[in-house]
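Below: one structure, written as structure tokens.
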Amino acid sequence: MSVWAEDKTAWIRIEGRANFNSSVDFKALINGLVERGYCRFVLDLTDCVLMDSTFLGVLAGLGMKFNTSRNGGSAPTIELLNPNSRIADLLENLGVEHLFKIISGPELSSSRLQPVEQSAGGRDRKELSRTCLEAHETLMRINPNNISKFKEVAQFLAEDLKKME
């Protein structure tokens, strides 16, 4: 993952697999940029081959939060640049595509992008489990059709989290 932020717009390139391992850092990056006043997020998915349900749930949660806070004013927006057909189908099938603006165009120039530092020492298991649980609960809340898809994984994650506490 790499980022370029300028004029209240953050361009974020996501390459390879967007999965649960990168979801915590992604959420922290977006929230940190929002705190610094950035309000437009363009995610370059040109080289993103797949997105797992945890990453998608984190992304959908941010989209939902931004759409809810709009209330006639200007709230942050998320645009998805060049998602492949697999990711586009996933967004549609899970009922979350309405949270984003899907755009196509030239991919970002690498010259301005800076790598996003991964959390040192890996991911805290409890934080990762909590993020995974929240992501799946978000997907079920957004679209009731997702309950049958994620109910069991959410129950497992909730039980796992209780054991850690």
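Residues that are modelled with pLDDT of 95 or more and out of contact with any Lys or Arg (no Cβ under 6 Å at 6 or more places or on another chain) were ranked within the range 34-45; the one that is nearest to residue 62 (Cα to Cα) is 41.
Yes/no matrix, rows are residues, columns are (1) closer than 19 Å to residue 2 by Cα; (2) open to solvent by 60 Å² or more (accessible area, probe 1.4 Å); (3) touching a Pro at 6+ places or on another chain (Cβ under 8 Å):
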| residue | (1), (2), (3) |
| --- | --- |
| 100 | no, no, no |
| 108 | yes, no, no |
| 113 | yes, no, no |
| 132 | no, no, no |
| 138 | no, no, no |
| 155 | no, yes, no |
| 161 | no, no, no |
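Here is a list of conditions, (1) free of Cβ contacts under 8 Å to residues at least 40 places away in the same chain; (2) within 23 Å of residue 127 (Cβ to Cβ); (3) not basic (Lys, Arg), and residue 79 meets all of them except one; can you say which number that is? That leaves (2) as the condition not met. Only residues in the range 1-19 that are small (Gly, Ala, Ser) count as the first member; pair them with residues that are open to solvent by less than 30 Å² (accessible area, probe 1.4 Å) and part of a loop (DSSP other than H, G, I, E, B), Cβ under 7 angstrom, at least 6 apart or cross-chain, and list the lot. Taking only residues 6 or more apart or on different chains, the pairs are 2/113; 2/116. The set of residues from the range 96-106 being in contact (Cβ under 8 Å) with a residue 12 or more places away in the chain and under 19 Å from the mean Cα position of the chain (by Cα) comprises 96, 99, 100, 101, 102, 103, 104.
The values are calculated or read from the model by the stated rules, or taken from the named source; none is laboratory data. What you are looking at is a predicted structure, and each value in this text was computed from that prediction instead of being measured. A quick note on method: Cβ atoms are made from the backbone with ideal geometry, for glycine too, and the neighbour counts reach across all protein chains shown. Keep in mind that these areas ignore ligands, DNA and RNA; they rest on the heavy atoms of the full protein, side chains included. Shrake-Rupley method; radii C 1.70, N 1.55, O 1.52, S 1.80 Å.
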